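Have a look at the structure below before the remarks.
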Amino acid sequence: MTKKLSKRKLSHQIEGEISEFVILHDSLDFLGKIKSMMENVVELSSRRYKIYKGSYKGKEITLVHTHMGAGNTALVVDQLIDNNACYLLKIGTFGALQGDWRLGDILVPIGAVRCDGVSDAYVLREFPAVPHIEFVKIISKVLDNAKARYRYGIVWSTNAYMPIVKDSSPDIRFRYETWRNAGVVGVEMECSSLFIASCLRNVKAAAILVCNREWSVIDAFRKGKNVDWNGYKRSKRMKIANDLLASLALRIAVSTPNNVS
């Protein structure tokens, strides 16, 4: 089922209809993988946010290219919710803060440390950034049925791209060690703003992330050592994980009910 968009609100970005289930990613290449598995795909926007709509096994699905960062994500999430989006699934990547995560490992976040700089404008910092538990249950069931290996954990959401700056200040070092010692799994940029914006509007949101940088690489970089920062782009494990998640995202969409209240 689709909902008609309010042209007053989004005419500068989208013309057409969106579906109740929306998949978000900051990579057009990844959305292209999903799009190739869908039927009757149409482009709803080619401007700031690339947006497509199509169907998979009879389920209408909208794909949205959010760009990177909490600000971009919060903006598009607010507008999608204004136009009756019911499920928001973020697919993305994270850099590991723990040493037992490898390239291509899959994480289902169960909470986010709110250092994104955007969600503070929505609600006081003490309010937790968490995904919708019922949506997480649906995701877990689909992953289990596919025999996909994954783990749960908390992420550190920041609005700086890998906020390392080679240990440029005691505060940066303190933050890394604090979150590592607290068991935070990894660092990324969008989950906290997604979870907060959705929770306050009574919309179901969740995320699935893939590890694209191991802790050994991040730790070496922050200490000023030369590292292969973009080595993940050549990783077979990353390709396998991304191909799997593209397929699983569609299965998750099919597993969600329509007309969510």
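The values are calculated or read from the model by the stated rules, or taken from the named source; none is laboratory data. Remember, predicted model here, so these are calculated numbers, not experimental data. Backbone-built Cβ (ideal geometry, glycine too); neighbour counts: all protein chains shown.
A few comments on the model shown:
Residues checked against (1) in contact (Cβ under 8 Å) with a residue 40 or more places away in the chain; (2) surrounded by fewer than 14 Cβ atoms within 10 Å (Cβ to Cβ); (3) under 27 Å from residue 258 (Cβ atoms):
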residue: 74; (1), (2), (3): yes, no, yes
residue: 77; (1), (2), (3): yes, no, yes
residue: 81; (1), (2), (3): yes, no, yes
residue: 88; (1), (2), (3): yes, no, yes
residue: 91; (1), (2), (3): yes, no, yes
residue: 155; (1), (2), (3): yes, no, no
residue: 170; (1), (2), (3): no, yes, no
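- Pairs where the first residue, in segment 123-140, is modelled with pLDDT of 95 or more and the second is part of a loop (DSSP other than H, G, I, E, B) and crowded, with 19+ Cβ neighbours inside 10 Å, C-beta under 7 Å, 6+ apart: 138/256
- Test: residue in segment 175-190 that is in contact with a helix residue (DSSP H, G or I) (Cβ under 9 Å, 6 or more places away or on another chain), closer than 30 Å to residue 53 by Cβ and surrounded by 20 or more Cβ atoms within 10 Å (Cβ to Cβ): yes
- Scan of segment 139-149 for residues that are crowded, with 19+ Cβ neighbours inside 10 Å and either more than 18 Å from residue 88 (Cα to Cα) or more than 15 Å from the chain's Cα centre (by Cα) (or both), ordered by number: 142, 143
- Per-region count, segment 97-115, residues of a type in the set (A, V, I, L, M, F, W, C) and more than 15 Å from the chain's Cα centre (by Cα): 4
Residue-by-condition table, conditions (1) over 18 Å from residue 93 (Cβ atoms); (2) at pLDDT 80 or above; (3) in a loop (DSSP other than H, G, I, E, B); (4) acidic (Asp, Glu):
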site	(1), (2), (3), (4)
164	no, no, yes, no
208	no, yes, no, no
224	yes, no, yes, no
237	no, yes, no, no
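- Residue match in segment 243-250 (condition: at pLDDT 90 or above, outside any helix (DSSP H, G or I) and buried (at least 18 other Cβ atoms within 10 Å of the Cβ)): no
- Condition check for residue 125: more than 14 Å from the chain's Cα centre (by Cα) and either under 23 Å from residue 177 (Cβ atoms) or buried (at least 20 other Cβ atoms within 10 Å of the Cβ) (or both): yes
- Hey, residue 184 modelled with pLDDT under 80 and in a loop (DSSP other than H, G, I, E, B) or not: no
- Selection over segment 96-115 of residues that are in contact with a helix residue (DSSP H, G or I) (Cβ under 9 Å, 6 or more places away or on another chain), under 15 Å from residue 207 (Cα atoms) and either without any contact (Cβ under 8 Å) to a residue 24 or more places away in the chain or part of a strand (DSSP E or B) (or both) gives a count of 7.
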